[in-house]
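The values are calculated or read from the model by the stated rules, or taken from the named source; none is laboratory data. Small disclaimer: the values here were computed from a predicted structure and weren't measured. So basically every Cβ, Gly included, is an ideal-geometry build from the backbone, and we count neighbours across all protein chains shown. Surface accessibility is based on the protein's heavy atoms, side chains included, excluding ligands, DNA and RNA. Shrake-Rupley method; radii C 1.70, N 1.55, O 1.52, S 1.80 Å.
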Amino acid sequence: MKTRAKSGIGIRGLTIYGILYLVFLYVPVLFLPLFSFNDSIHISFPLKGFTVKWYEHMFANAELLDAFVNSLKVAGSVSVISTVLGVMAARAFTRYRFRGQRPALGLLALPLVVPGIILGIALLIMSKWAGFQLSLITIAAAHVLIATPFATFVMISRLEGFDPNLEEASRDLGESGWTTFWRVTFPLALPGIVASLLLTFIESFDEFILAFFLSGDEATMPLYIWSQLRFPRNLPVVLALGACILAASIILVAFAEWVRRQGVSPTPKSENQ
Amino acid sequence: MENRSDFVSLRDVSKYFGSVRAVDGVSLDIAQGEFFALLGPSGCGKTTLLRILGGFEASNSGSVHIDGANLTDEPANLRPVNMVFQNYAIFPHLNVRQNIGYGLRQEGLSAAEMSQRIDEALATVKLEGYGDRGSTELSGGQRQRVALARALVKHPKVLLLDEPLSALDKNLRELMRVELRALQQKVGITFIFVTHDQEEALSMADRIAVMSDGKVRQVDTPEHLYEAPATREVAAFIGSMNFLDGSVEGAANGMVTVNAGPLGKLQVKPSGDGAPAAGEAVTIGIRPEKLTLLDKAPASGDNVIKGRLTAASYLGERNHFFVSVEGVDAPISVASQNSSPVDHKGWIEGSEVWLTWKPEGARLLLS
Ligand SMILES: Nc1ncnc2c1ncn2[C@@H]1O[C@H](COP(=O)(O)OP(=O)(O)OP(=O)(O)O)[C@@H](O)[C@H]1O
Ligand SMILES: [Mg+2]
């Protein structure tokens with residue numbers, strides 16, 4: 001009995017610790033949606049009343065919508081480009097043995113650990129030196145740099161659990177390299193590809209520092225939000241926007257994770273018709 | 001139609017991986033409809049040779065012909081050859097029917113023809129009713145059948161199988177030996193299969209190529225390989241054999257006399273044509289079951305060895321003995337069938353025994 005009571009206390013202690021941890025982690029984030037529905041310009045308690053006007057303001061704001069569209073363009077192209085590069089790199093790393101493989105993998109991961117501010121300054125200096133006009137394109141290029149390692153690691157983990165004999169079996173049964181890719185490699189890698197598209201999209205959509213250094217006269221979403229922080233009047237709109245982004249990110253990440261864990265997808269019915 | 005004996009023909013095929021000679025100057029002719037085994041220890045190049053035939057590995061030199069056509073530089077997808085992979089390589093995202101029909105897509109068949117071909121293949125491997133199973137819901141034996149059906153449905157000229165039974169458990173493996181052989185007889189396709197299990201090769205194949213270190217050492221029927229191995233290496237790999245070293249003393253009346261040192265003078269038939277020259281170092285190979293164990297010296301005759309019984313074990317269907325002879329390192333292994341119930345305890349370890357054999361039971365091996 002005694003030990004049981006004791007372990008009960010232990011478990012209770014851990015439970016309390018766990019709850020506190022989650023509170024510390026998520027309550028600040030939850031202030032975003034909370035104050036975005038508060039009928040006051042001031043971000044303080046007590047709450048004044050429920051309103052959706054900040055959301056209305058948000059949708060009426062042309063500058064904000066521009067920034068949103070810019071971010072969609074950048075993040076959309078970044079996710080496609082980095083995922084394509086990631087698939088090719090991951091295939092090379094998992095299918096072949098070549099000299100310098102491990103150093104290459106290490107160098108590929110480097111942008112993940114180089115501080116963003118250093119990368120930002122370096123890329124800015126390089127763009128100036130090379131004479132590139134700063135624009136959404138330079139932002140996207142920088143984002144591809146940091147998203148490609150992500151995409152590559154997601155794809156490597158997918159392709160590693162994938163029997164190379166399957167591709168040979170397809171060749172053996174008469175398919176060329178290209179049709180083998182579409183009939184075997186692609187369907188089996190699809191969960192990884194979808195996960196990589198979503199994760200790199202979010203990575204680019206959220207990114208601030210590189211975008212800050214490399215933007216021209218068009219802003220992405222994080223840049224726009226940052227620019228609005230100087231105007232306390234606009235803060236509730238920013239909160240509404242933040243709440244929307246938060247909700248969308250959670251949904252996308254959860255979906256990406258769910259897709260990534262899907263083993264073999266159900267067999268397509270159109271096969272062999 | 002006359003079955004051609006060089007239906008599959010390899011000429012001087014070599015494949016190097018860096019400094020490793022995985023396949024080293026292999027020439028082989030395999031007849032149409034033959035069940036042919038590549039047998040050898042791990043790492044001897046069997047898989048590499050099979051992959052060269054399948055078109056998955058380019059040889060560094062030599063040529064591959066199948067049914068008269070030079071396929072040396074033909075890619076895998078254009079060869080009239082199909083492969084059953086060691087792990088079966090069943091496509092996990094397709095069901096059984098889709099797996100089997102995978103290779104039919106480029107053949108330009110109508111949906112009905114394709115469906116019929118798949119049904120035939122399912123019937124051939126006795127998987128009727130399993131067509132709609134997901135490929136992840138199959139047992140090892142069923143996966144093997146799907147892999148077989150998927151290859152056979154293409155009506156290949158040659159079917160390649162890499163250790164097709166090694167992924168199965170022991171009972172199923174023995175059953176599948178018989179079934180695979182029966183299947184091959186039924187479809188009449190040339191099968192080339194790789195194994196490191198001599199019993200598998202002996203029981204299934206029409207002919208066996210014994211390989212070691214990338215080279216083919218002997219190609220023969222199972223009976224010949226067992227009874228008349230060409231070299232000591234082949235003899236040691238197929239079954240077990242006692243090797244008695246000596247030197248040629250002379251030849252007379254179609255028999256060679258070998259001075260085997262402490263074993264005395266032994267008579268053996270020369271293998272092949274011509275007796276070896278006097279003084280040449282040779283080895284006499286005798287299988288354990290060709291030896292007869294006696295508890296007293298035989299009345300007469302050549303080929304008698306006197307020794308001491310060092311171990312006797314009862315193994316159910318047979319008895320096994322080791323006899324050591326003074327001055328000879330390796331004990332001689334003797335096997336005798338338990339055809340009538342005898343009390344093997346009658347053999348007392350440590351007692352003096354005599355071994356004898358019929359001259360045709362021994363092989364003269366050149367060292
Ligand atoms: N892709 C490769 N790269 C480098 N060396 C290889 C490669 N494939 C095979 N080898 C080497 O070639 C030799 C023959 O290999 P192979 O796989 O043909 O042997 P095996 O007879 O099939 O052996 P096992 O019974 O173990 O399957 C081995 O020494 C192996 O290490
Ligand atoms: Mg092998």
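Quick look at the numbers
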{"quantity": "Identity of the residue in region B:43-76, part of a loop (DSSP other than H, G, I, E, B) and in contact with a Phe, Trp or Tyr (Cβ under 9 Å, 6 or more places away or on another chain), that ends up farthest from residue B:33 (Cα to Cα)", "calculated": "B:60"}
{"quantity": "Evaluation of residue B:119 against (1) within 16 Å of ligand 1 (Cβ to nearest atom); (2) away from every other protein chain (no Cβ under 12 Å); (3) open to solvent by 40 Å² or more (accessible area, probe 1.4 Å) (one fails), failing number", "calculated": "(1)"}
{"quantity": "Exclusive hit being more than 14 Å from chain B (Cβ to nearest Cβ), under 14 Å from the mean Cα position of the chain (by Cα) and part of a helix (DSSP H, G or I), set A:213, A:201", "calculated": "A:201"}
{"quantity": "Looking only at region B:160-172, and only at residues there that are touching a residue at least 12 places away in the same chain (Cβ under 8 Å) and not in a strand (DSSP E or B), the one that is surrounded by the most Cβ atoms within 10 Å (Cβ to Cβ)", "calculated": "B:164"}
{"quantity": "Candidate set from region B:77-102 (those that are β-branched (Val, Ile, Thr) and not in a helix (DSSP H, G or I)); member that is farthest from residue A:190 (Cα to Cα)", "calculated": "B:81"}
{"quantity": "Scope region B:21-49; condition within 16 Å of ligand 2 (Cβ to nearest atom), more than 14 Å from every other protein chain (Cβ to nearest Cβ) and open to solvent by 30 Å² or more (accessible area, probe 1.4 Å); matching residues", "calculated": "B:21, B:41, B:42, B:43"}
{"quantity": "Entirely in region A:32-124, the helices (runs of 4 or more DSSP H) that have 1 or more residues that are surrounded by fewer than 18 Cβ atoms within 10 Å (Cβ to Cβ) and modelled with pLDDT of 85 or more", "calculated": "A:62-95, A:101-113"}
{"quantity": "Residue tally, condition open to solvent by 20 Å² or more (accessible area, probe 1.4 Å) and out of contact with any Lys or Arg (no Cβ under 7 Å at 6 or more places or on another chain), over region B:255-272", "calculated": "8"}
{"quantity": "Tally, over region A:180-193, of residues that are at the interface with chain B (Cβ under 10 Å from one of its Cβ atoms) and open to solvent by less than 40 Å² (accessible area, probe 1.4 Å)", "calculated": "5"}
{"quantity": "Out of B:62, B:68, sole residue that is more than 22 Å from residue B:150 (Cβ to Cβ), modelled with pLDDT under 90 and not hydroxyl-bearing (Ser, Thr, Tyr)", "calculated": "B:68"}
{"quantity": "Filter result for the condition that a residue is modelled with pLDDT under 90 and within 16 Å of ligand 1 (Cβ to nearest atom), over B:106, B:86", "calculated": "B:86"}
{"quantity": "Which listed residue is among the aromatic types (Phe, Trp, Tyr) and more than 20 Å from residue A:81 (Cβ to Cβ), from A:205, A:201, A:255", "calculated": "A:255"}
{"quantity": "Condition broken by residue B:72, with the remaining ones in (1) within 30 Å of residue B:21 (Cα to Cα); (2) away from every other protein chain (no Cβ under 11 Å); (3) in contact (Cβ under 8 Å) with a residue 24 or more places away in the chain satisfied", "calculated": "(3)"}
{"quantity": "Residues that are assigned to a loop (DSSP other than H, G, I, E, B) and in contact (Cβ under 8 Å) with a residue 40 or more places away in the chain, drawn from region B:123-157", "calculated": "B:125, B:138, B:153, B:154, B:156, B:157"}
{"quantity": "Close pairs from region B:6-20: first in contact (Cβ under 8 Å) with a residue 40 or more places away in the chain and β-branched (Val, Ile, Thr), partner within 9 Å of ligand 1 (Cβ to nearest atom) and open to solvent by less than 80 Å² (accessible area, probe 1.4 Å), Cβ under 7 Å, at least 6 apart", "calculated": "B:13/B:23"}
{"quantity": "Conditions (1) away from every other protein chain (no Cβ under 14 Å); (2) surrounded by fewer than 22 Cβ atoms within 10 Å (Cβ to Cβ); (3) within 16 Å of ligand 2 (Cβ to nearest atom); (4) not basic (Lys, Arg); number of the one not met by residue B:9", "calculated": "(3)"}
{"quantity": "Any hit, region B:50-68, residues being within 16 Å of ligand 2 (Cβ to nearest atom), open to solvent by 10 Å² or more (accessible area, probe 1.4 Å), closer than 30 Å to residue B:223 by Cβ and within 14 Å of chain A (Cβ to nearest Cβ)", "calculated": "yes"}
{"quantity": "Index of the failed condition, residue A:219 passing every other in (1) surrounded by 19 or more Cβ atoms within 10 Å (Cβ to Cβ); (2) out of contact with any Pro (no Cβ under 8 Å at 6 or more places or on another chain); (3) in a helix (DSSP H, G or I)", "calculated": "(3)"}
{"quantity": "Residues of region B:75-100 classified as open to solvent by 10 Å² or more (accessible area, probe 1.4 Å), more than 7 Å from chain A (Cβ to nearest Cβ) and closer than 20 Å to residue A:176 by Cβ, total", "calculated": "4"}
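Residues are listed down the side, and each one gets a yes or a no for (1) surrounded by 17 or more Cβ atoms within 10 Å (Cβ to Cβ); (2) under 27 Å from residue B:125 (Cα atoms); (3) outside the structural domain of residue B:49 (by TED's automatic domain parsing); (4) more than 16 Å from ligand 1 (Cβ to nearest atom):
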position	(1), (2), (3), (4)
B:158	yes, yes, no, yes
B:187	no, yes, no, yes
B:193	yes, yes, no, no
B:198	yes, yes, no, no
B:202	yes, yes, no, yes
B:216	yes, no, no, no
B:222	yes, yes, no, yes
